[in-house]
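As C-alpha cells, the structure follows; a few thoughts come after it.
The values are calculated or read from the model by the stated rules, or taken from the named source; none is laboratory data. Nothing here was measured: the structure is a model prediction, and the numbers come from that model. Cβ atoms come from the backbone with ideal geometry, glycine included; neighbour counts cover every protein chain shown. Protein only, heavy atoms only, side chains kept; ligands, DNA and RNA dropped before computing areas. Shrake-Rupley method; radii C 1.70, N 1.55, O 1.52, S 1.80 Å.
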Amino acid sequence: FLHRLYDMVNRRISKDLKECALTLWDHGWEVKDICEVLGVSRASCFHWRNMFEELGTVARPPSPLVGRMRTITQALMTAVEDLFAQDSDLFLDEVCTWLAVEHNITISPSSLSRNLKQAGLS
C-alpha cells in the first residue's frame, strides 16, 4: 500500500482520467472503488469534483505566472521616474540602494536597467 501511495505523489494525471473518475462517480460508483480501479487518491477525486463544480472543467486553469515576473510594480516604476525627475544624474546602483532602503526591494542594476528599458526609460 505504501509503495502505491508513494507512486501517486507528483504523478501527472491526464484530463481524460480525471473526467473518467467523475463520470464513474456520477454513475453511482463508490469513491473507494474509483480510487482502486484508477489508482488515484480519494483526495484527488474530491479535488477534481470541486474544481469541476467551480470551473466547469477538471483541467487546471493556466497559471497567471507565465514568463518572467516583473521585478518592479507600476507604482514603484512611477516612484523611480519621479526620483529621476528630481535628479537625472543618478546611477543605477544609487537607485538600487534607494529601492532597498525606501521600499525593501532588492534588485540588481542589470535587472533595474531591463525594467527601465521595458518601461521606455533610459
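Considering only the other residues whose Cβ falls under 10 Å of the Cβ of S108, what net charge follows from Lys and Arg at +1 and Asp and Glu at -1? Combined, the nearby Lys, Arg, Asp and Glu give 0. What a 1.4 Å probe finds exposed on segment 23-122 is 53% carbon and sulfur by accessible area, rounded to a whole percent. Computed extension length for E94-I13: 24.2 nm, one decimal, from 0.36 nm per residue of separation with the Cα-Cα distance subtracted. Positive contributions from Lys and Arg (+1) and negative ones from Asp and Glu (-1), summed over other residues with Cβ under 11 Å from the Cβ of E30, come out at 0.
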